[in-house]
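Asks: Dropping a structure here in structure tokens format, bear with me for questions.
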Amino acid sequence: MASPITQSQIFSSCSLLMASLFAASASVQLNDPDWYFWFSLYSAASAVNLIQIIFPSKLGSQIAKMTLGLGIFLFFKVVTEDMQLGIAGFWSLDLSKRVVREKTGSGFVVASMFLQLKKALANSNYPRKRRDQRRYLDCGMALLVGVSFGLSFVFVFVNGGLKL
């Protein structure tokens, strides 16, 4: 009889999916005027998700903290730009607009890095609390994968993707 999927396998699988999504996002940034921000953000987020699967370490947590900071900075940069120019609005999900894509992408990075950092903390926490924390982290990461891949699917296949 096959063993059931463990909580750490769920988190690791979701981390692998997020790493692939961030790598794909990084690969399409080179034509942007501020590509260096976004390529760095998505590449680092992809690396953190992979590092924390293969060999969780303090270095991975430090990179996650820096990536979280960059993600928060870029999120507020895009939201401020959107508010000043009145392009889409804060709650807009119109992914045909650059500011909405950038806001959504940086939000996904922030959420992923937060979950990666909480997972590293849960692994070093007291054993009794680990089980509950891991369950919530697994659910959070699975939800993040569902939303991010769902929006990506809608953007690419339903809306026809990016019109260059």
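Asks: Consider segment 29-76. How many of its residues are part of a loop (DSSP other than H, G, I, E, B), open to solvent by 30 Å² or more (accessible area, probe 1.4 Å) and either among the acidic types (Asp, Glu) or over 21 Å from PHE11 (Cβ atoms) (or both)?
Replies: Count: 4.
Asks: Let me ask something else about it. Select from segment 37-73 the residues that are among the aliphatic types (A, V, I, L, M) and within 13 Å of the chain's Cα centre (by Cα) and list them in ascending order.
Replies: LEU41, ALA44, ALA45, ALA47, VAL48, LEU50, ALA64, LEU68, LEU70, ILE72
Asks: Among the residues of segment 124-139, are any under 13 Å from PHE22 (Cβ atoms), buried (at least 18 other Cβ atoms within 10 Å of the Cβ) and modelled with pLDDT of 90 or more?
Replies: No, every residue in segment 124-139 fails to be under 13 Å from PHE22 (Cβ atoms), buried (at least 18 other Cβ atoms within 10 Å of the Cβ) and modelled with pLDDT of 90 or more.
Asks: Looking only at residues in segment 91-123 that are touching a Lys or Arg at 6+ places or on another chain (Cβ under 8 Å) and at pLDDT below 85, which one is surrounded by the most Cβ atoms within 10 Å (Cβ to Cβ)?
Replies: If we take residues in segment 91-123 being touching a Lys or Arg at 6+ places or on another chain (Cβ under 8 Å) and at pLDDT below 85, then LEU95 is surrounded by the most Cβ atoms within 10 Å (Cβ to Cβ).
Asks: Then there is this: Which one of these does PHE22 not meet: (1) assigned to a helix (DSSP H, G or I); (2) free of Cβ contacts under 8 Å to residues at least 60 places away in the same chain?
Replies: Among (1) assigned to a helix (DSSP H, G or I); (2) free of Cβ contacts under 8 Å to residues at least 60 places away in the same chain, the lone unmet condition for PHE22 is (2).
Asks: Of (1) surrounded by fewer than 19 Cβ atoms within 10 Å (Cβ to Cβ); (2) modelled with pLDDT under 85, THR80 satisfies all except one. Which?
Replies: Answer for THR80: the failing condition is (2).
Asks: What are the pairs, 6+ residues apart or on separate chains, where a residue within segment 138-149 that is more than 11 Å from SER112 (Cα to Cα) has its Cβ under 8 Å from a residue that is open to solvent by 70 Å² or more (accessible area, probe 1.4 Å)?
Replies: PHE149/LEU17
The values are calculated or read from the model by the stated rules, or taken from the named source; none is laboratory data. Only a predicted model underlies this, so the values are computations on that prediction, with no experimental measurement involved. Every residue, glycine among them, receives a Cβ derived from its backbone with ideal geometry; neighbour counts consider all protein chains shown. Quick note on the areas: whole protein, heavy atoms, side chains included, nothing else; ligands and nucleic acids left out. Shrake-Rupley method; radii C 1.70, N 1.55, O 1.52, S 1.80 Å.
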